[in-house]
Amino acid sequence: ALPDVDYHVQGTVTGFSSDSVVPGRVIVSDALNVSADTKGLLISGPGRIGVVPFDVNYSQSFDPAKKGTARIEGTVTLSQATVSEFGLGLPKGMVSGEGQGQIVIDLAKGQPGKLSLVTDMNRIGLSIPELGWSKPAATLGRLEAQVRLGSPPKVEQITLDAAGLKATGSVTMLAGGGLELARFDRVQMGGWLDAPVELRGRGANKAIGIAVTGGSVDMRKMPGASQRKSSGGSGGGPLDLRLDSLRISSGIAFTGFQGKFSLAGALNGDFVASLNGKIAVKGAVAPSANGSAVRLQSKDAGAVLSAAGIFSAARGGALDLQLLPRATEGHYDGTVQITDTRVMNTNVLAEMLNLISVVGLLEQLNGPGLVFNQTEGKFVLTPDQVTVTQGSAVGA
């Protein structure tokens, strides 16, 4: 009987090829070392899984309790080709260079293989041009992935920590190949982004679509427009922002921000939000010589000025504000127009009117307010302050 026989076999297999060891993947090798004994079978050596070079061990136990299972473990070459072969879902062109990763593939008869991948990312470069982020190939990081192999494969979990970027999420692929959806529960990047992020494939040779579905963005620390470029051959993809907070300057932030934009060059699109959580505004963003110009409008100019910490005595009025970026990132020339606003209880105006003894106007100022039909101003906005350079207010 076989249990009574003790054996040990060694040999070499040449010209090996199999599409059944890992379902959905062809494994080939010029030469593999094979050994077997009463405990199990071991096959080891270099080869390729699909187009990916490897040096691995295939082990299969003869223990009845482990019947129908096997394991492949070893090292693989990591590159853009690996990303495509195993369906990791990273956008085309994001990966450059070649490095090494440790893999384990657990196999069970009649089921898709489960792949685990870990790498320190040495000699592997990464880039997300739309967000102005990159990891040089000469730096270290960490990438871990749990992939269910099949057609298409599914990344059940992927964790990336490199060059100031931390992200954890999952990825689904299209049946015909290519990214369907990468959903990251939390992405932290460069101190300016802390939010859930989705990357959606849009077809061959098209830039990915990006959706930020909560969290916060600090534009003071965000890479400038000159550092953000499209990765697709047909221009930048769409950007859908739904943010809890969008910080503009030290005293100005938008909350409940919702906007849809294009990343083709400078930002271009429309948005609605609440200024410092106090007053609703709407706006538009459009390309200009130095980046994206912003137009902001509100039906309550007084509340906007108060919420921004600029002037607290105005009430009502229609606001139209425009920001034109300067050559220095984060610096803007601004103009503002306000129609039909009232000014109440302001000491500066009271002192001016008192000097010229306009009693009736003083009574209005301290009562229903003085009406200014047209207010105009020019200012400079930087990440740290607002400087008003010129202003006028005209009323009856």
| message | Can you find, within segment 28-72, the residue that is modelled with the lowest pLDDT among those that are among the charged types (D, E, K, R) and crowded, with 16+ Cβ neighbours inside 10 Å? | response | Arg48
| said: Of everything in segment 246-277, what is at pLDDT 90 or above, part of a strand (DSSP E or B) and surrounded by fewer than 19 Cβ atoms within 10 Å (Cβ to Cβ)? Give them in sequence order. | reply: Thr255, Gly256, Gln258, Lys260, Gly269, Asp270, Val272, Ser274
| So which pairs qualify, if the first residue must be in segment 156-172 and more than 16 Å from Lys114 (Cβ to Cβ) and in contact (Cβ under 8 Å) with a residue 24 or more places away in the chain, the second must be in a loop (DSSP other than H, G, I, E, B) and of a type in the set (S, T, N, Q), the Cβ gap must be under 9 Å, and the two must be at least 6 apart or on different chains? | Ala162/Thr139; Ala163/Thr139
| request: Report yes if some residue within segment 91-107 is surrounded by 16 or more Cβ atoms within 10 Å (Cβ to Cβ) and charged (D, E, K, R); otherwise report no. | output: yes
| request: Would you check if Gln111 is at pLDDT 95 or above and either among the small types (Gly, Ala, Ser) or open to solvent by 30 Å² or more (accessible area, probe 1.4 Å) (or both)? | output: no
| Residue check, Gly125 under 30 Å from Ala264 (Cα atoms) and part of a strand (DSSP E or B) | yes
| remark: For segment 154-165, the count of residues that are open to solvent by less than 20 Å² (accessible area, probe 1.4 Å) and either out of contact with any Lys or Arg (no Cβ under 8 Å at 6 or more places or on another chain) or of a type in the set (Val, Ile, Thr) (or both) equals 2
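The values are calculated or read from the model by the stated rules, or taken from the named source; none is laboratory data. Because the structure is predicted, anything quoted here is derived from the model rather than measured. Counting neighbours? That spans all protein chains shown, and the Cβs are built from the backbone with ideal geometry, glycine included. Heavy atoms of the whole protein, side chains included, go into the accessibility calculation; ligands, DNA and RNA do not. Shrake-Rupley method; radii C 1.70, N 1.55, O 1.52, S 1.80 Å.
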